[in-house]
Amino acid sequence: MAGAKPKKCEDLNKIRSYLAGQERLWKAYWLISTLGSIVVTLVTVVALIVLEQLGFPIGIWQLLIVILVSYILWWLLSSFVVWRCAPNTDWVGWTYLARAVVLLYFVSAIASVFQGVPQRLLG
């Protein structure tokens, strides 16, 4: 077809629209953040299982580290997307609630890191 955009170009434009905060909040929250986190975890686990089946020795610690790193990277990206898309809703309360959830996740993550640090190291 004349003038039709290639699928790859459309996909990149969709990603850019999420990163620019141009998509609806419900899509950013439920599709990117919630469903995306599940997909990232499943893909990571399946990839590691396949690697192990191909003969790459993977211990439990390597498995946990790869899952944790991939999830943290996705979490940071999806939090950014939710924050940017938060105003794109019909009720301003959802904007505040979505941003509060993002902030609570960050505070919770920071608190859990410091909870594992011995108190004598913190001063």
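All of the numbers you see were taken from the coordinates with simple rules; none came from a lab. Remember, predicted model here, so these are calculated numbers, not experimental data. Cβ placement follows ideal geometry from the backbone for every residue including glycine, while neighbour counts extend to all protein chains displayed.
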For this session: Using only the alpha carbons, work out the radius of gyration and Dmax of segment 8-104 in angstrom.
Result: 16.2, 53
Exercise. With each run of n ≥ 4 DSSP H residues scored as -39500 (n - 2.57), what mean residue ellipticity at 222 nm is computed for the chain after dividing by its residue count and rounding to the nearest 500 deg cm²/dmol?
Worked result: -23000 deg cm²/dmol
Exercise. So how far, in whole Å, is the C-alpha centre of segment 8-33 from the one of segment 40-97?
Worked result: 16 Å
Exercise. What's the FRET efficiency of Leu51 with Leu76 using the Cβ-Cβ distance as r and R₀ = 22 Å, to the nearest 0.05?
Worked result: 0.35
